[in-house]
Amino acid sequence: MARLEGRVAIVTGGARGIGFGVAQRFASEGATVVIVDLQEGDAIEAAGRLPTDAPHLGIGADVGDSASATAAVERTVQELGHLDILMNNAGITRDNLLHKMSDADWAAVISVHLTGAFLMSRAAQTHFVTQRSGRILNVSSTSALGNRGQANYSAAKMGIQGLTRTLALELGKFGVTVNAVAPGFIVSDMTAATAERLHMSFQDFQAAVASQNAVGRVGQPEDIAAAAAFLVSDEASFITGQTLYVDGGQTLG
Ligand SMILES: NC(=O)c1ccc[n+]([C@@H]2O[C@H](COP(=O)([O-])OP(=O)(O)OC[C@H]3O[C@@H](n4cnc5c(N)ncnc54)[C@H](O)[C@@H]3O)[C@@H](O)[C@H]2O)c1
């Protein structure tokens, strides 16, 4: 299916993990993809591995920095002519219990996830409003509902759900929808690092997580990519302000 034919899509944090899985899916559905990641070399290399011959781009930017985020959007429009889809996926973790969480760990996580989604969305909406169409898809998490050791991350991820609802209200009349996906456990460098921090093998960690959700397996980037491709497609034009939990039933209780 080529539901994204002719669209230009930015995926932040797209050089690996969930973001790269989404970038691959968007490309295979016809989009030209712009991978925005911290190191321009990584972004370019990942863009080169996308499955189609479209003129995919790799741009180095820190989404939490206002000038850098704006420049990434402006360069996209300058080089590719327009922007249709923004996926705010870039993320980091700096986990610790509250009494051990430093100011820097709090600020870094809020900056990348929450400020990053705000800055990229603000830069993109200028173009979306002018062309009277656009899609913003944010990445929240099941941790938004609360997770021990993740006060910073949980606050940022629930903040993203509020941002999503508010931007949906503001931008709907301009043909722009704004939604979020909230992944459960997805196999990536981020969850591998969590396993290491918990002194567990990644395999044991995955087995433990799989035993605790309804479908009995962990998620893969492709699971998020499938939901994302739908939410940014024309088929989803009546869906806005929503957060879709893609978690194998982890949050069902
Ligand atoms: N893996 C999971 O289980 C899981 C679950 C829920 C939510 N998420 C969210 O999904 C998103 C992707 O996670 P992942 O597991 O693929 O992580 P990952 O660590 O594999 O990839 C994150 C990417 O974001 C990039 N990045 C970090 N800071 C950035 C910045 N300031 N500017 C631009 N790029 C930056 C990194 O370089 C990296 O390429 C994150 O928002 C994460 O919080 C992940």
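Simple spin-label estimate for LEU98 and LEU145 gives 2.1 nm between the two label positions (7 Å along the Cα-to-Cβ direction from each Cα). Here LEU169, LEU57, LEU252 are placed in order of increasing Cβ neighbour count within 10 Å, fewest first, which gives LEU252, LEU169, LEU57. Return the whole-Å distance between the Cα centroid of the range 8-66 and the Cα centroid of the range 202-238. Answer, in whole Å: 20.
With a Förster radius of 45 Å, plug the Cβ-Cβ distance of ARG197 and LYS173 into 1/(1 + (r/R0)^6) and report the FRET value to the nearest 0.05.
On the way: r = 45 Å, r/R0 = 0.99.
Approximately 0.50, to the nearest 0.05.
Sites listed here are chymotrypsin sites (Phe, Trp or Tyr not before Pro) in the range 145-252 whose DSSP assignment is loop and whose Cβ has at most 10 other Cβ atoms within 10 Å: PHE238.
For SER237 and THR166, a Förster radius of 22 Å and the Cβ-Cβ distance give a FRET efficiency of 0.70, rounded to the nearest 0.05.
At what distance in angstrom do the alpha carbon centres of the range 105-163 and the range 75-91 lie from each other? Between the Cα centres of the range 105-163 and the range 75-91 lies a distance of 16 Å.
With each label modelled as a point 7 angstrom along the Cα→C-beta vector, the ARG122-ALA226 pair spans 3.7 nm. The relative contact order of the chain, computed from alpha carbon pairs under 8 Å that lie at least 6 residues apart in sequence, is 19 percent.
Mean residue ellipticity at 222 nm from the helices of the chain, using -39,500 (n - 2.57) per DSSP H segment of n ≥ 4 over the full residue count, to the nearest 500 deg cm²/dmol? Write down the numbers at each step before the final one.
Values: 9 runs with 109 residues, N = 253.
The helix-only estimate for the chain comes to -13500 deg cm²/dmol at 222 nm.
Since every read-out is calculated from the coordinates, none of them should be taken as a lab result. A quick note: this is a predicted structure, and the numbers were derived from the prediction, not measured. All Cβ positions, even for glycine, are placed from backbone atoms using ideal geometry, and neighbour counts span all protein chains on display.
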